[in-house]
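The values are calculated or read from the model by the stated rules, or taken from the named source; none is laboratory data. Note that the structure is predicted; figures quoted are calculated from it, not measured. Cβ: placed from backbone, ideal geometry, glycine included. Neighbour counts: every protein chain shown. Calculation scope for accessible area: heavy atoms of the full protein, side chains included, ligands and nucleic acids excluded. Shrake-Rupley method; radii C 1.70, N 1.55, O 1.52, S 1.80 Å.
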Amino acid sequence: MPQKKLVIDDAIPYADAIFSHLGQITRLPGRDINAEHLKHADALIVRSRTQVNAELLKNSTVQFVGSSVVGLDHIDQAWLAEQGIHFYSAQGCNANSVAEYVINGLFDMAEHKQWTLADKTLGIVGVGHVGKLLKQKADALGIKTLLNDPPRARTEGEAGFCSLDHLLATADIVSLHTPLTQEGDHPSYQLLNKHNMTLIKPDALLINAARGGIIDEQAWLGLKNLANIIDCWQGEPFINPALYYKADIATAHIAGHSLEAKVAGSEMVYRQLCAFWNITPQTAWQHHLPDAPLALQHPKIDNEQQALAHIFKQTYDLRLDDQAIRSQRIEQVHAQFESHRRHYPIRREWAQHKLKKTSNKRLNQTLETLGFMLY
């Protein structure tokens, strides 16, 4: 039997270690993968930068497409289904990473704005993989939440959910977590727009760590609110200069880029491909993973919110990701945007971190509920 050929986005971590026993691997930047590379390939494994459609695959031998990220707007699923090409997406793989990004952002902003988060209401728009985890973390931290998710409300009942208008008018923090869709009963394209963004409170924080296009960027430019955290943009990496400079924290679509999220995405696709080819998965690649991070330091701070902010910042500081692309020259921002994504430093999720228990039992319980390892 001839050796299988796999074309893999070179931003997928540990791809050689994970996939090499399945066949011959060609690794390429996602944006550079083209039809010529895929003529004789059996499988294509991508992240978010490859447009997977008829133009890319119509003259290829590809029978399996795997995406190690959760977004689907770069995949023409209908065409793949028509051609009988098996498609798999690692749904949920980066949900925890994104939820932690948002919580870190809240505590960072609270530090800068002198907020008491227990007095604030977090509005979560889209309560799927990420939104559920974000609510769980907010609950553990004593932050009130409002939830908007019409598809879930329709199937589960209205209890526990509210309208988008009510959420926008009431929440002190609005965080978006819907997929980007333009069809169906509840399209999310420009879900926030010039008509409903007028409802947002002038002292509100608006966060987009979902997808560019969910918020009408021109309407956002006219919004008079207190602060903005933006990770997802239209036209990446050539993002809107005015919106970029409006953002208090601007990052390069990296909310879901924790090591655990990336590895989970790779492994989920790998296991699906093994099943598709009826090959037994291997686990030797796991020896390539880095060691656990060093134990965190407990701050000598009595205020629990400030103590948590200090601990969270030890695991991940959003400001460093902001600084990695920050420039007065938008051309430099555009160049650094993609470079930073491709060469992203290792970031570990909370569950990988250890720290000593303190005399504050409530703080200990909160940290353990959030996944930290206490000893």
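In the chain, helices alone account for a calculated mean residue ellipticity at 222 nm of -10500 deg cm²/dmol, with every DSSP H run of four or more residues adding -39,500 (n - 2.57). Convex hull volume per residue, computed on the Cα atoms of the stretch 72-143, equals 97 Å³. Could you let me know the centre-to-centre spacing of the stretch 247-262 and the stretch 282-325, using Cα atoms, in angstrom? With the stretch 247-262 and the stretch 282-325 each reduced to a Cα centre, they are spaced 14 Å. Taking only the alpha carbons of the chain, we obtain Rg and Dmax values of 21.3, 66 Å in that order. Which value, in Å², gives the accessible area per residue of the chain when a 1.4 Å probe is used on the protein heavy atoms? Per residue, the chain has an accessible area of 46 Å². If you take the alpha carbon atoms of the stretch 256-307 and fit the smallest convex hull around them, that volume is 113 Å³ per residue. Qualifying trypsin sites (Lys or Arg not before Pro) in the stretch 274-320, where qualification requires a DSSP coil assignment and no more than 16 other C-beta atoms within 10 Å, comprise LYS300.
Which log10 I(q)/I(0) values, to two decimals, does the stretch 201-263 give at q = 0.18 Å⁻¹ under the Debye formula with one point per Cα? Log-scaled intensity ratios, in q order: -0.63.
Pull up the cross-link candidates among the lysines for LYS300, meaning alpha carbon to alpha carbon under 18 Å and not fewer than 8 places away within one chain. Straight-line reach from LYS300, under 18 Å: LYS313, LYS354, LYS356, LYS357, LYS361.
Of all DSSP bridge pairs formed entirely within the stretch 40-130, close to 0 percent run antiparallel. Rounded to the nearest Å, what's the spacing between the alpha carbon centres of the stretch 93-145 and the stretch 36-72? Just the number, please. So the two Cα centres are separated by 35 Å. Here the accessible area is traced with a 1.4 Å probe on the protein chains. For the chain, carbon and sulfur cover 49 percent of it.
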